[in-house]
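Every number here is computed from the coordinates shown, using simple stated rules; none is lab data. As the structure is a prediction and not an experimental result, all values here were calculated from the model. Positions of Cβ are backbone-derived with ideal geometry, glycine not excepted, and every protein chain shown enters the neighbour counts.
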Amino acid sequence: MAEYICLVNKDTLIIKPPKKSPCFLRTIVLLFAMVCGVYICTICLKQINTVTKMKFQKIQVIERPSPDSNIITELESQIPSLHYPKPETFSRGECTQNPVRFFAILSMQRSGSGWFETLLNSHINVSSNGEIFSVMARRKNISTIIQTLEKVYNLDWFTSASKNECSAAVGFKWMLNQGLMEHHKEIVEYFNHRGVSAIFLFRRNLLRRMVSVLANSYDRYAKLLNGTHKSHVHSQEEAAALSSYKPMINSTSLISDLKEVEMAAVEALEYFNSTRHMVLYYEDLVRCSRVSRPST
């Protein structure tokens, strides 16, 4: 390609490259545009072919199993702690397929079971039905005990704590001296068969429990709270009124009395060792609740 030589003067020689033809530049731009167009068209055609070849999957609606479905039976056999009660007194409605767990709080009087039960019942799906075997007729023999248990765990037992339709856990509290120890073999067999979880609740400080028992026994007759007897206080004023009584403790039999209470707890743990169970202490629960409570 020729070059242009310009002479400015005698001493200066300037060599300028030749100007490129506009036609050549246009040809390059056109070729580039064609290549890009072909590439874009190829990609678009591939995507269209992919969409065309796609097959729509058939959407099948699976109905929820009915209460009599074999699925429920299989689940209960695989996970014994899950149950699907069919109460006779009402219909669980949309909560029919919600599993329910069974529990029993095994404790002694004045061991914090009332406070613990209130804590459980604060949950919207937990029902703890109180001290149901305090009535003698319900524990006169093992047959009446089993009948009462069946009624509770079938959600046919109604108390102020009942949240029957959508309960996720249902139970009650059972004192050791309310037929539990006398019929422990049959009750252990029932717990294992029905998948009932036993929650043992005791007090570490047995002396404080003894003082509470004596004070509660005195208040049944003295009725310090405006002429009424209350087993559990609900305010600081009521607690102060009850604490004004100072019970007398027989120091001669104190050690043997405390040992007797301790051995009753040990014996209960031995009887129900084969069941699904856990052991809690009132002092530990209170300490944990104070630590987790937000400061004001």
Antiparallel versus total DSSP beta bridges in the range 78-208: what percent is that, nearest 5? 5
Rounded FRET efficiency, nearest 0.05, which uses the C-beta distance separating ASN205 from LEU82 and R0 of 22 Å: 0.05
Would you mind classifying the range 81-126 by shape? Square roots of the alpha carbon gyration tensor eigenvalues, ordered a ≥ b ≥ c; an a/c under 1.5 is rounded, otherwise it is prolate if a/b is larger than b/c and oblate if not. prolate
Please give the length that would be gained between SER253 and THR89 if that part of the chain were fully extended, namely 0.36 nm times their separation in residues minus their C-alpha to C-alpha distance (nm, one decimal). 54.0 nm
Positive minus negative residues near ILE146 (Lys, Arg vs Asp, Glu; Cβ under 15 Å): +1
To the nearest 0.05, what FRET efficiency results for SER243 and SER160 with a Förster distance of 25 Å applied to their C-beta separation? 0.35
At most 15 other Cβ atoms within 10 Å and a DSSP loop assignment: could you name the chymotrypsin sites (Phe, Trp or Tyr not before Pro) in the range 136-175 that fit? PHE158
Reciprocal of mean inverse Cα separation for the range 83-219 (Kirkwood radius, Å): 15.8
Neighbour cut-off at most 14 other Cβ (10 Å), DSSP loop, trypsin sites (Lys or Arg not before Pro), the range 115-147: LYS140
Counting Lys and Arg as +1 and Asp and Glu as -1 over every other residue whose Cβ sits under 13 Å from the Cβ of ARG208, the net charge comes to +3
Could you line up ILE105, ILE255 from fewest to most neighbouring Cβ atoms inside 10 Å? ILE255, ILE105
